[in-house]
1. Can Pro33 be described as more than 16 Å from ligand 5 (Cβ to nearest atom), assigned to a loop (DSSP other than H, G, I, E, B) and free of Cβ contacts under 8 Å to residues at least 24 places away in the same chain?
2. Checking the structure you have, find out if any residue of region 218-228 is within 16 Å of ligand 5 (Cβ to nearest atom), within 12 Å of the chain's Cα centre (by Cα), in contact (Cβ under 8 Å) with a residue 60 or more places away in the chain and over 29 Å from Ile281 (Cα atoms).
3. Can you find a residue in region 10-25 that is part of a loop (DSSP other than H, G, I, E, B) and surrounded by 23 or more Cβ atoms within 10 Å (Cβ to Cβ)?
4. Could you tell me whether any residue of region 100-111 is surrounded by 18 or more Cβ atoms within 10 Å (Cβ to Cβ), within 11 Å of ligand 2 (Cβ to nearest atom) and within 28 Å of Glu248 (Cα to Cα)?
5. Please verify whether Thr254 is within 16 Å of ligand 5 (Cβ to nearest atom) and either under 30 Å from Ser136 (Cβ atoms) or surrounded by 21 or more Cβ atoms within 10 Å (Cβ to Cβ) (or both), treating the condition exactly as stated.
6. Test of understanding: among Ala253, Ala227, which residue is at pLDDT 95 or above and touching a Ser or Thr at 6+ places or on another chain (Cβ under 7 Å)?
7. If Lys242 passes every condition in (1) crowded, with 20+ Cβ neighbours inside 10 Å; (2) out of contact with any Asp or Glu (no Cβ under 8 Å at 6 or more places or on another chain); (3) farther than 22 Å from Leu7 by Cα but one, which one does it miss?
8. Restricting the search to region 140-172, which residues are more than 23 Å from Ala59 (Cβ to Cβ) and either surrounded by fewer than 17 Cβ atoms within 10 Å (Cβ to Cβ) or in contact with a Pro (Cβ under 9 Å, 6 or more places away or on another chain) (or both)?
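The values are calculated or read from the model by the stated rules, or taken from the named source; none is laboratory data. Computed from a predicted model, the values in this text were never measured in an experiment. Here Cβ is always computed from backbone atoms with ideal geometry, including for glycine, and neighbour counts include all displayed protein chains.
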Amino acid sequence: MSADFDLESFLDRSKETVESYADGVLPSDHKLPGVLGASMRYSFFAGGKRFRPALAFAAAEAVCGRVEPALPFATAIEMIHTYSLIHDDLPAMDDDELRRGMPTNHVKYGEAIAILAGDALLSDAFTLLTDPKIVSVYDGLTITRCINEIAKAAGSTGMVAGQAMDVLSEGCQLDLPTLEFLHICKTGALIRASVLTGAYSAGIANEEQLTALKSYASRLGLAFQIADDILDVEGDTETLGKPVGSDEERNAATYPSRLGMQESKELLAELIDQAVEQLAIFGEKGEALKALAFYVAGRDR
Ligand code: IPE
Ligand code: IPE
Ligand code: MG
Ligand code: MG
Ligand code: MG
């Protein structure tokens with residue numbers, strides 16, 4: 001990475017772009033029954049890192065030198081990610097009370113509205129992507145590939161599969177391949193979809209580029225959840241904006257509990273190095289992707 005790549009401003013720009021677009025996409029509170037719209041907006045705008053949108057922008061930039069084509073996909077993925085967090089925090093799942101530095105959605109709005117806000121964020125993500133105004137901007141194969149990729153990543157072979165494995169494996173000592181599969185599904189799938197849809201949206205990615213991006217994204221997705229597991233032990237609640245120790249409390253299947261802290265950190269570093277190696281073919285255009293990988297290795301929130 002050249003020393004002058006400014007990741008902080010790339011992340012700030014990604015955040016601003018996606019938040020201002022989402023403001024026009026998410027329902028305004030008063031148009032919906034009761035507090036549904038307010039509940040959706042509460043969690044979406046609570047202040048996430050917007051790491052997945054940044055990845056989608058960075059992948060589009062690596063392929064075509066521009067971030068703009070990735071915007072609807074970046075936003076839809078962040079809506080789905082937000083829904084996954086609302087449901088992840090519910091009493092029936094991780095039972096957590098702090099998220100993005102604020103009381104969790106069910107603490108603020110009650111369980112029923114939290115469940116429904118999650119449901120609505122998921123469905124509305126696909127309403128956005130199938131809006132004729134959006135569809136008409138891309139060629140038919142590109143938009144179909146993107147929507148298919150996102151739906152697969154969210155559903156029963158992606159994030160939801162991982163979340164099901166996660167709750168079913170509480171208190172179990174999983175073997176390493178099973179734990180890896182769990183993490184790749186629950187967190188890796190949406191991260192991979194962010195990279196791939198960013199690349200597809202750029203319209204001109206060739207097979208060599210797509211193969212490199214798939215290898216990059218698979219390693220990065222696993223690394224992101226290993227870092228999350230490490231932070232659940234060693235992080236600081238105020239910086240993280242979510243409780244530390246949540247995994248241990250429910251005996252969750254994590255890398256530190258399976259491999260120990262030192263080995264988990266070594267594996268994290270190794271995965272990041274491998275992810276970065278895949279980017280060689282992109283030259284300077286891959287700098288944002290490279291910087292985002294290093295960010296995962298060192299993140300404290
Ligand atoms: C947290 O994701 C949940 C995981 C999949 C590990 P993030 O760490 O990206 O959370 P936000 O979006 O910044 O709040
Ligand atoms: C959740 O993993 C991943 C999701 C699909 C939401 P975690 O349960 O570890 O995420 P945090 O730590 O609550 O953000
Ligand atoms: Mg969880
Ligand atoms: Mg959780
Ligand atoms: Mg966690």
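1. Details: more than 16 Å from ligand 5 (Cβ to nearest atom): yes; assigned to a loop (DSSP other than H, G, I, E, B): yes; free of Cβ contacts under 8 Å to residues at least 24 places away in the same chain: yes.
Yes, satisfied.
2. Checking region 218-228: not a single residue is within 16 Å of ligand 5 (Cβ to nearest atom), within 12 Å of the chain's Cα centre (by Cα), in contact (Cβ under 8 Å) with a residue 60 or more places away in the chain and over 29 Å from Ile281 (Cα atoms).
3. no
4. Yes, region 100-111 contains at least one residue that is surrounded by 18 or more Cβ atoms within 10 Å (Cβ to Cβ), within 11 Å of ligand 2 (Cβ to nearest atom) and within 28 Å of Glu248 (Cα to Cα).
5. Details: within 16 Å of ligand 5 (Cβ to nearest atom): yes; either under 30 Å from Ser136 (Cβ atoms) or surrounded by 21 or more Cβ atoms within 10 Å (Cβ to Cβ) (or both): yes.
Spelling it out, Thr254 is indeed within 16 Å of ligand 5 (Cβ to nearest atom) and either under 30 Å from Ser136 (Cβ atoms) or surrounded by 21 or more Cβ atoms within 10 Å (Cβ to Cβ) (or both).
6. Working: Ala227 fails: touching a Ser or Thr at 6+ places or on another chain (Cβ under 7 Å).
When all the criteria are applied, what remains is Ala253.
7. (2)
8. Here is the first cut: in region 140-172, the ones more than 23 Å from Ala59 (Cβ to Cβ) are 156, 160-161, 163-172.
Passing the criteria: Ser156, Ala164, Val167, Leu168, Ser169, Glu170, Gly171, Cys172.
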